[in-house]
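> Please find one structure pasted underneath; my questions will follow.
Nothing in this text is a laboratory measurement; each read-out follows from the coordinates by a stated rule. Treat the numbers as computed from the prediction; the structure is a model and nothing was measured. Positions of Cβ are backbone-derived with ideal geometry, glycine not excepted, and every protein chain shown enters the neighbour counts.
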Amino acid sequence: MTAEIISGTEIRKEILAEIKQEVEEMKAKYGRGPGLVTILVGSSPASISYVTLKVKTALSVGFHEIQDDQPEDISEADLLALIDKYNNDPTIDGILVQLPLPKHIDDKKVLDAIHPDKDVDAFHPVNVGRLMIGGDAVRFLPCTPAGIQEMIVRSGTETSGAEVVVVGRSNIVGKPIAMMMAQKGIGANATVTIVHTRTKDLAGHCKRADILIVAAGVPDLVKPEWIKPGATVIDVGVNRVGMNEKTGKAILKGDVDFEKAKEIAGKITPVPGGVGPMTIAMLMKNTLTSAKKTLGAA
Ligand code: L34
């Protein structure tokens with residue numbers, strides 16, 4: 001049987017429609033909508049592609065959006081000063097500095113400089129700590145993990161008591177999604193295992209997973225025979241594996257061999273059109289949340 005495809009593109013549409021509606025109500029009631037600034041340093045094609053999508057999406061839901069592109073050779077001090085400017089700008093509810101940054105800039109210093117209440121990526125240590133504590137402490141969830149959890153919930157996958165295996169232990173995806181799935185709450189209450197490059201029996205762990213979340217950044221890492229029949233597979237990988245000669249666009253591939261995996265899995269996310277679009281939708285949701293809290297509307 002072929003797996004049900006969990007379409008990030010479709011779910012995103014629903015979420016953005018909900019957000020757009022709320023933005024209109026906010027503008028009518030408070031005289032302003034949410035404000036987001038995206039800061040892109042340099043010109044990596046992947047980052048340009050993602051930031052362009054973020055800007056377009058923000059404008060489509062009625063946000064005040066500032067696209068602040070900076071040259072590759074901007075100094076760390078100038079970047080920190082820029083962040084400080086937006087920290088103090090009352091029209092800005094969310095500050096996003098696209099990663100990765102050039103090598104001469106300490107990304108930890110930069111992320112720490114963003115005010116936690118405007119940190120719509122939820123990468124600041126304060127927001128990471130709040131996520132760990134869970135419940136009412138949480139202001140923002142990191143965008144990719146939040147998108148993954150939303151897809152799991154909206155696809156009707158049972159998480160309570162489920163075996164979740166997370167492949168990858170990054171700060172952006174692996175660590176936070178593992179913590180979120182283990183916590184109490186909707187789309188959570190799971191038994192979670194984190195596996196990584198030093199794990200002895202990667203295949204054995206994956207085979208036990210009712211929900212397999214793969215965020216390793218290695219194309220086709222997960223083999224079809226590692227998937228438990230009927231499992232829900234969430235593929236976070238967005239690997240640029242080549243260029244389409246005709247369109248000039250990058251060819252994207254996930255961390256899972258999709259064509260074969262979809263014959264075994266119960267539900268599966270595609271690449272492109274899966275987790276990527278959800279990441280952007282959740283960024284919009286976080287920015288809306290930030291504005292609501294600032295305005296006293298939530
Ligand atoms: N600060 N840096 C910060 N926040 C983030 O949340 C990110 N991330 C990751 C890289 N750096 C970041 C993103 O935005 C990865 N990421 C991201 C966002 C969107 C998409 C992929 C990764 C996405 O929309 N992918 C599309 C294809 C886009 C294309 O054609 O290039 C998809 O369908 O998968």
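> For every other residue with a beta carbon closer than 12 angstrom to the beta carbon of Leu212, add +1 if it is Lys or Arg and -1 if Asp or Glu, then tell me the sum.
Values: positive: Lys207, Arg208, Lys223, Lys228, Lys267; negative: Glu163, Asp210, Asp235, Asp255.
Surrounding charge for Leu212 is +1.
> Starting from the Cα-Cα distance between Glu25 and Ala297, subtract it from 0.36 nm times their residue separation and give me the gain in nm to one decimal. Each step should come with its number before you reach the end.
On the way: separation 272, 0.36 × 272 = 97.92 nm, distance 1.09 nm.
Once the chain is fully extended between Glu25 and Ala297, it gains 96.8 nm.
> Right, next: Can you list the aspartates and glutamates whose alpha carbon sits under 18 Å from that of Lys54, skipping same-chain ones fewer than 8 residues off?
List returned: Glu10, Glu14, Glu18, Glu65, Asp68, Asp69, Asp93, Asp119, Asp121.
> Separate question: In whole percent, what relative contact order does segment 193-298 give with Cα contacts below 8 Å and a gap of six or more residues?
Values: 171 pairs, mean separation 24.8, N = 106.
Once normalised by length, the contact order is 23 percent.
> May I ask you to list the lysines whose Cα is less than 22 Å away from that of Lys262, ignoring any residue fewer than eight positions away on the same chain?
The reachable lysines, counting only those whose Cα sits under 22 Å from Lys262, are Lys207, Lys223, Lys228, Lys253.
> Relative contact order, percent, of segment 80-152 when contacts are C-alpha pairs under 8 Å separated by at least 6 residues?
Values: 64 pairs, mean separation 17.8, N = 73.
Relative contact order of segment 80-152: 24 percent.
> Pairs of Cα atoms under 8 Å, at least six residues apart: use those to get the relative contact order of the chain, whole percent. Mind showing how you got there, number by number?
Numbers: 589 pairs, mean separation 64.4, N = 298.
Relative contact order, the chain: 22 percent.
> Report the full-extension gain for the segment Glu245 to Glu18: residue separation times 0.36 nm, less the Cα-Cα distance, to one decimal in nm.
Numbers: separation 227, 0.36 × 227 = 81.72 nm, distance 3.78 nm.
Stretched out fully, the Glu245 to Glu18 stretch lengthens by 77.9 nm.
> Follow-up. What is the calculated FRET efficiency for Asn171 to Glu4, with r their C-beta to C-beta distance and R₀ = 45 Å, to the nearest 0.05? Don't skip to the answer; put the middle values down first.
Working: r = 31 Å, r/R0 = 0.68.
After rounding to 0.05, the efficiency reads 0.90.
> Right, another one. Are any of the pairs Lys184/Lys285; Lys20/Lys103; Lys109/Lys260 more than 32 Å apart by Cα-Cα distance, and if so, which? Mind dumping the intermediate values first?
Working: Lys184/Lys285 21 Å; Lys20/Lys103 37 Å; Lys109/Lys260 42 Å.
Beyond 32 Å between Cα atoms: Lys20/Lys103; Lys109/Lys260.
> Taking every DSSP beta bridge that has both residues in the chain, what percent is antiparallel when rounded to the nearest 5? Display every interim value, and only then the final one.
Values: 4 of 33 bridges.
The antiparallel proportion sits near 10 percent.
> Binned at 10 Å from 0, what are the whole-percent values of the Cα-Cα distance distribution for the chain, short to long?
6, 27, 34, 24, 8, 0
> If you don't mind, another one. Kyte-Doolittle cut-off 0.5, length cut-off 20 Å along the helix's own axis using Cα: show which whole DSSP H helices in the chain pass. Please list the in-between numbers first.
Details: long enough: 8-30 (31 Å, -0.87); 45-60 (22 Å, 0.60); 275-295 (30 Å, 0.41).
Those that clear 20 Å and a mean of 0.5 are 45-60.
> Only helical DSSP H runs with n ≥ 4 go in: add -39500 (n - 2.57) per run for the chain, normalise by residue count and round the 222 nm mean residue ellipticity to 500 deg cm²/dmol. Could you put the intermediate results ahead of the total?
On the way: 10 runs with 119 residues, N = 298.
Dividing the helical sum by the residues of the chain leaves -12500 deg cm²/dmol.
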